[in-house]
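Here's the structure, in structure tokens; my notes come after.
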2 protein chains.
Amino acid sequence: MVRPAKSEKVQSVKKCRDAEATQAVILTAAEAEFAQHGLMAARTEAIAAKTGVAKSMIYYYFKDKEGLYQAVLERSHAELLQITQQLDLEDLSPEAALKQFLVALLDCVARNPKLPTIMFHEAVQNQGKYYKRSSSLSIDTTLVNILERGVTAGVFRQLDPFVSAINIMGSCLFYFIGAGNIQQHPQGKRVLSKAMLEKHTQEAIAFILAGVQQSQNVS
Amino acid sequence: MVRPAKSEKVQSVKKCRDAEATQAVILTAAEAEFAQHGLMAARTEAIAAKTGVAKSMIYYYFKDKEGLYQAVLERSHAELLQITQQLDLEDLSPEAALKQFLVALLDCVARNPKLPTIMFHEAVQNQGKYYKRSSSLSIDTTLVNILERGVTAGVFRQLDPFVSAINIMGSCLFYFIGAGNIQQHPQGKRVLSKAMLEKHTQEAIAFILAGVQQSQNVS
DNA sequence: AGATTAATCGACAGACTTGTCAGTTGATAA
DNA sequence: TTATCAACTGACAAGTCTGTCGATTAATCT
């Protein structure tokens, strides 16, 4: 789908009728709409209104609402998919692997804060119909594997890798899902501000690493 | 809203036309539909189809879709609200209070596994419009308070109570949000089976308690 | 400059949804 | 038994939403 450079000169002048730019703004607007409402409740008219281009452009470029939805899904998952795939954790200790994994995951979602919400909608409403099996599954199994290794090696406590993987993902992603709703920031900082995103990353990593280790005093 | 016993004899014979029973089945069907789709994407026709009664009954008893939605919200939050309010944690140590809180919360959502999903939809789609401020807020501040006490007392590590409260809630609730989507159970057990719910409760409590404590080896 | 094609728009047809209403049926009470 | 009323139904009016189509405009090529 890469457009062949139709002429040698790269014109950086802002074009009025730029197919790629139009598709991009539609995708961005659609991402916001789908993140908030999900596939069914999203309104193509609302998406069009946010872009400034006519509603028919959606159908011109993406066939129908479903096509647009899939495009949004693919675009927003691309980075996560790529990052988790190029992660090579086999040689690391379970603790180091877990930390590495969390850093990558949290960094990725901090840059795509709408991703968790989109994933949620997809999972709940469409029961993952639009996931062939790609991202979220592979990401989950990666985490399960790390946990299994750690338990076997005795460096993690006797946790259930499957359930714990879900709970860990919850610690990482829940923040973003609720973000739109949470008004009460600690000292007036916006939840998705750079400072708060960094804080959340730190907190989540510390919390999770502590959570998987042997607790010192079992009461 | 308690119906006054219209006659002394309590008739346990199954009535064909029972207003309360009809409302109850509508509410239950609506709970499922709203949990999966949220307010906008929920279809009154789909709700009616699940109940077996005519669609117009929804409007007869609940005025409109929004009225039904609010009724569902109130009914599904009632228990959580009541449980968290009658929790008296002031006199307990931070650890004991946290454990107590988690037991109550997890027990409640295990009995109402659709609640987290409904909360999620309400938060994301409607930005909490239908929460006056009731349940989820008070529950969150309760947890923040416990964490603050624990940090001040030095029994918890130097965590950010606000962010950590969200992450903890994520550990507790995320399991239920994804439940409909997760097929792969560890040994073939269904995610919402009694055994798995109990396992999740145990795992979440152990994970969270370990997560808030000082980690033994700070690498 | 004129022709060609891709990008864009606005209006609209068709389908789907909500909410209403007039009428029917079963329970209760006189 | 009959009257009355609440519970209930199916058909439909009105509104909303998706997706299409012919017309229009900007860029590109010759």
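The values are calculated or read from the model by the stated rules, or taken from the named source; none is laboratory data. Just so it is clear, the structure is predicted and the values come from calculations on it, not from any experiment. Every residue, glycine as well, gets a Cβ built from its backbone with ideal geometry; the counts of neighbours run over all protein chains shown. Note: accessible area is taken over every heavy atom of the protein model, side chains too, but ligands, DNA and RNA are not part of it. Shrake-Rupley method; radii C 1.70, N 1.55, O 1.52, S 1.80 Å.
Against the definition (modelled with pLDDT of 95 or more, closer than 29 Å to B:Thr141 by Cβ and within 12 Å of DNA strand C (Cβ to nearest atom)), how does B:Leu92 come out, yes or no?
On the way: modelled with pLDDT of 95 or more: yes; closer than 29 Å to B:Thr141 by Cβ: yes; within 12 Å of DNA strand C (Cβ to nearest atom): no.
Against the criterion (modelled with pLDDT of 95 or more, closer than 29 Å to B:Thr141 by Cβ and within 12 Å of DNA strand C (Cβ to nearest atom)), B:Leu92 does not qualify.
Given the conditions (1) at pLDDT 95 or above; (2) away from DNA strand D (no atom under 14 Å from the Cβ); (3) among the charged types (D, E, K, R), and given that B:Lys9 satisfies all but one, which numbered condition is not satisfied?
The one condition B:Lys9 does not meet is (1).
Can you report the number of residues in the stretch A:158-188 which are facing chain B (nearest Cβ under 7 Å), among the small types (Gly, Ala, Ser) and farther than 16 Å from B:Phe162 by Cβ?
Going through the stretch A:158-188 one residue at a time, the tally reaches 3.
Of the conditions (1) in contact (Cβ under 8 Å) with a residue 60 or more places away in the chain; (2) surrounded by fewer than 22 Cβ atoms within 10 Å (Cβ to Cβ), B:Asp140 fails just one. Which one is it?
(1)
Checking B:Glu90 against (1) more than 13 Å from every other protein chain (Cβ to nearest Cβ); (2) assigned to a helix (DSSP H, G or I); (3) closer than 23 Å to B:Leu209 by Cα, which single condition isn't satisfied?
B:Glu90 satisfies every listed condition except (2).
What's the number of the condition A:Leu80 fails, among (1) surrounded by fewer than 18 Cβ atoms within 10 Å (Cβ to Cβ); (2) at pLDDT below 95?
Of everything listed in (1) surrounded by fewer than 18 Cβ atoms within 10 Å (Cβ to Cβ); (2) at pLDDT below 95, A:Leu80 misses just condition (1).
One residue is enough: does the stretch B:97-113 have a residue meeting the conditions open to solvent by 50 Å² or more (accessible area, probe 1.4 Å) and either assigned to a loop (DSSP other than H, G, I, E, B) or within 16 Å of DNA strand C (Cβ to nearest atom) (or both)? It would help to see each step written out before you state the result.
Step one: filter the stretch B:97-113 for residues open to solvent by 50 Å² or more (accessible area, probe 1.4 Å), giving B:99-100, B:103, B:107, B:111.
When the remaining residues are screened for being either assigned to a loop (DSSP other than H, G, I, E, B) or within 16 Å of DNA strand C (Cβ to nearest atom) (or both), the result is none.
Scanning the stretch B:97-113, I find no residue that is open to solvent by 50 Å² or more (accessible area, probe 1.4 Å) and either assigned to a loop (DSSP other than H, G, I, E, B) or within 16 Å of DNA strand C (Cβ to nearest atom) (or both), so the answer is no.
Can you tell me how many residues within the stretch B:26-53 are open to solvent by 60 Å² or more (accessible area, probe 1.4 Å), over 17 Å from A:His121 (Cα atoms) and not in a helix (DSSP H, G or I)?
Number of matching residues: 1.
Looking at A:Val163, A:Val155, which one is hydrophobic (A, V, I, L, M, F, W, C) and part of a helix (DSSP H, G or I)? Talk me through it step by step, then tell me what you get.
Working: A:Val155 fails: part of a helix (DSSP H, G or I).
A:Val163 is the lone residue from the list that is hydrophobic (A, V, I, L, M, F, W, C) and part of a helix (DSSP H, G or I).
Filter the stretch B:62-77 down to residues that are farther than 18 Å from B:Met40 by Cβ and open to solvent by 50 Å² or more (accessible area, probe 1.4 Å) and give me whichever is nearest to DNA strand D (Cβ to nearest atom).
B:Arg75
Output yes when any residue across the stretch B:105-120 is farther than 16 Å from B:Leu173 by Cα and not β-branched (Val, Ile, Thr), and no when none is. So that I can check it myself, show each step before the final result.
Our first condition is that a residue be farther than 16 Å from B:Leu173 by Cα; within the stretch B:105-120, this holds for none.
No, there is no match, as no residue in the stretch B:105-120 is farther than 16 Å from B:Leu173 by Cα and not β-branched (Val, Ile, Thr).
Select from the stretch A:30-61 the residues that are of a type in the set (D, E, K, R) and near DNA strand D (Cβ under 9 Å from one of its atoms) and write down the one among them that is nearest to the other protein chains (Cβ to nearest Cβ).
Selected residue: A:Arg43.
One residue is enough: does the stretch A:102-110 have a residue meeting the conditions at pLDDT 95 or above and either more than 30 Å from B:Gly128 (Cβ to Cβ) or at the interface with chain B (Cβ under 10 Å from one of its Cβ atoms) (or both)?
Within the stretch A:102-110, the subset at pLDDT 95 or above is A:102-110.
Subsequent filtering for residues that are either more than 30 Å from B:Gly128 (Cβ to Cβ) or at the interface with chain B (Cβ under 10 Å from one of its Cβ atoms) (or both) retains A:103-104.
Yes: one or more hits.
Results for (1) within 12 Å of DNA strand C (Cβ to nearest atom); (2) in contact with a helix residue (DSSP H, G or I) (Cβ under 8 Å, 6 or more places away or on another chain); (3) not polar (S, T, N, Q), shown as yes or no for each residue.
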{"position": "B:Arg17", "(1), (2), (3)": "yes, no, yes"}
{"position": "B:Ala24", "(1), (2), (3)": "no, no, yes"}
{"position": "B:His37", "(1), (2), (3)": "yes, yes, yes"}
{"position": "B:Ala48", "(1), (2), (3)": "yes, yes, yes"}
{"position": "B:Ser56", "(1), (2), (3)": "yes, no, no"}
{"position": "B:Lys65", "(1), (2), (3)": "yes, yes, yes"}
{"position": "B:Leu68", "(1), (2), (3)": "yes, yes, yes"}
{"position": "B:Glu74", "(1), (2), (3)": "no, no, yes"}
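All but one of (1) basic (Lys, Arg); (2) within 17 Å of the chain's Cα centre (by Cα); (3) open to solvent by less than 50 Å² (accessible area, probe 1.4 Å) hold for A:Arg157, so report the exception by its number.
Among (1) basic (Lys, Arg); (2) within 17 Å of the chain's Cα centre (by Cα); (3) open to solvent by less than 50 Å² (accessible area, probe 1.4 Å), the lone unmet condition for A:Arg157 is (2).
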